[in-house]
Amino acid sequence: MRMVDLIQKKRDGEQLTTEEIQFIVEGYTNGTIPDYQVSAWLMAVYFQNMTEKERADLTMAMVASGDQIDLRAIEGVKVDKHSTGGVGDTTTLVLGPLVAAAGVPVAKMSGRGLGHTGGTIDKLEAIEGFHVEITNEQFIELVNKNKIAIIGQSGNLTPADKKLYSLRDVTATVNSIPLIASSIMSKKIAAGADAIVLDVKTGAGAFMKTLEDSRELAKAMVNIGNNVGRKTMAVISDMSQPLGFAIGNALEVKEAIDTLKGEGPEDLTELCLVLGSHMVYAAGKADTLEEARQTLLKLINNGEALAKFKLFIEAQGGDGSVVDHPERLPQAKYQIELPAKNDGWVAEIIADHVGTAAMWLGAGRATKESEIDLAVGMMLNKKIGASVKAGESLATIYSNDKEIEHVKEELYRSIILSEEKVESPRLIHEEIT
Ligand code: URA
Ligand code: CA
């Protein structure tokens with residue numbers, strides 16, 4: 001097989017075979033096919049698209065390029081959730097204990113996030129003593145016993161995806177539905193999920209800005225999953241503003257605790273119920289989505305969801321008393337208000353800018369080596385549709401530094417007021433199964 005022929009075939013809009021796609025992915029991973037040929041092929045894919053079969057083949061070739069996590073020793077249907085992008089997304093912290101309380105095994109492997117705020121592990125490390133350095137055996141044992149555990153990423157998962165993603169980044173081929181869909185799905189499948197619930201964000205703060213594009217991405221991922229034998233479904237949810245009120249690590253842990261108690265923000269609570277219902281249903285723990293939702297509501301109201309969070313924290317060395325005493329989480333030195341400059345209605349909260357402001361405070365990593373300040377971040381006091389009087393606080397900034405004019409300016413740029421009344425956006429746009 002010659003790479004030049006495969007580039008030509010895709011350039012001319014033909015379908016590649018399973019073997020041809022494997023040849024490209026293997027050759028690129030082991031260095032026998034050079035960047036310039038793969039670049040040309042990626043650009044051909046960008047313009048000619050891929051068939052459903054090609055997308056499934058590309059996904060599985062990337063899965064085969066590295067280690068695969070074997071979760072067979074865990075009883076039950078392992079359901080994973082994935083959110084595409086978004087800022088200050090607290091859903092993972094809430095959903096883990098919530099669906100575990102419903103009997104769904106949550107075997108989570110997580111990395112340390114680059115970007116606006118930390119990853120799930122960073123957030124949990126805001127809890128004194130909590131650690132993810134456990135052995136694979138301990139991990140499996142904990143999931144079987146408690147239905148939930150989290151372990152730091154180890155092993156070499158989907159190296160082909162890492163290499164291709166870097167190349168796409170510098171060849172203007174990131175923004176291609178078949179390439180994005182196979183990239184995301186390869187990572188979920190390599191991590192061992194039997195079933196996958198996708199939360200595809202749409203709107204100004206999301207990877208996909210329009211509903212059409214989000215729907216296309218969601219359908220592409222659902223088809224890949226189902227075509228390779230993993231039950232997959234997707235929810236398209238709103239990211240025209242950050243979800244919930246909290247952006248920042250300890251602040252999000254506190255928000256997750258509130259939500260597990262039934263006292264969380266309305267949008268975060270609703271999205272967790274919708275995604276959680278699909279997870280419970282996919283795991284076979286309910287006969288209908290409505291029954292699953294009722295189960296989750298009951299677990300919130302009777303305290304079992306919160307108790308599960310406490311058990312999970314303590315099983316991994318953490319101070320479980322934070323669920324009753326969130327003031328024991330890291331606290332910032334200063335709380336600084338952001339007063340509205342005039343009257344109006346909140347029309348937009350540009351999540352990207354809010355995220356940047358959080359990163360400048362120290363909540364996220366600019367490079368892999370940066371240290372995160374777990375205490376800092378912000379609480380949004382007004383969401384889209386809220387009416388505001390001049391001088392009222394739009395957000396409260398939690399900072400360890402008093403000089404934060406640049407952060408305030410960035411937040412003023414991100415929270416846009418309108419003189420006319422604005423409706424609050426719809427949270428769930430579509431569910432695709
Ligand atoms: N996220 C991924 O993991 N892969 C992509 O290609 C795009 C976003
Ligand atoms: Ca949040």
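Out of 149, 190, which single residue is open to solvent by less than 20 Å² (accessible area, probe 1.4 Å), farther than 30 Å from residue 373 by Cβ and away from ligand 1 (no atom under 11 Å from the Cβ)?
On the way: 149 fails: farther than 30 Å from residue 373 by Cβ.
Just one listed residue meets the conditions, 190.
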*Could you grab me the full set of residues in the stretch 244-257 that are out of contact with any Asp or Glu (no Cβ under 6 Å at 6 or more places or on another chain) and either farther than 16 Å from residue 296 by Cβ or within 16 Å of ligand 1 (Cβ to nearest atom) (or both)?*
245, 247, 248, 250, 251, 252, 253, 254, 255, 257
*Given the structure, is residue 195 modelled with pLDDT of 95 or more and in contact with a Leu (Cβ under 7 Å, 6 or more places away or on another chain)?*
no
_Matching residues, the stretch 276-301, being more than 21 Å from residue 90 (Cα to Cα) and either open to solvent by less than 10 Å² (accessible area, probe 1.4 Å) or among the small types (Gly, Ala, Ser) (or both)_ = 282, 283, 284, 286
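Looking at the stretch 61-90 only, could you name the residues that are on the phi < 0 side of the Ramachandran plot and within 16 Å of ligand 1 (Cβ to nearest atom)?
Within the stretch 61-90, the first condition is being on the phi < 0 side of the Ramachandran plot, and the residues that meet it are 61-75, 77-84, 87, 89-90.
Answer for the stretch 61-90, where residues must be on the phi < 0 side of the Ramachandran plot and within 16 Å of ligand 1 (Cβ to nearest atom): 61, 62, 63, 65, 66, 80, 81, 82, 83, 84, 87, 89.
Any residue at all in the stretch 275-290 that's under 21 Å from residue 204 (Cα atoms) and either within 16 Å of ligand 1 (Cβ to nearest atom) or in contact (Cβ under 8 Å) with a residue 12 or more places away in the chain (or both)?
Checked against the condition, which is being under 21 Å from residue 204 (Cα atoms) and either within 16 Å of ligand 1 (Cβ to nearest atom) or in contact (Cβ under 8 Å) with a residue 12 or more places away in the chain (or both), the stretch 275-290 yields no hits at all.
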*Out of the residues in the stretch 91-108 that are in contact with a strand residue (DSSP E or B) (Cβ under 8 Å, 6 or more places away or on another chain) and open to solvent by 20 Å² or more (accessible area, probe 1.4 Å), which is farthest from ligand 1 (Cβ to nearest atom)?*
107
*asked:* Please go through the stretch 154-173 and give me each residue that is near ligand 1 (Cβ under 9 Å from one of its atoms), open to solvent by less than 30 Å² (accessible area, probe 1.4 Å) and farther than 21 Å from residue 70 by Cβ, ordered by number.
replied: 164, 168
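The values are calculated or read from the model by the stated rules, or taken from the named source; none is laboratory data. Keep in mind that what you see is a predicted model, and the values were worked out from it rather than measured. Note: ideal-geometry Cβ built from the backbone for every residue, glycine included; neighbour counts use all protein chains shown. Surface accessibility is based on the protein's heavy atoms, side chains included, excluding ligands, DNA and RNA. Shrake-Rupley method; radii C 1.70, N 1.55, O 1.52, S 1.80 Å.
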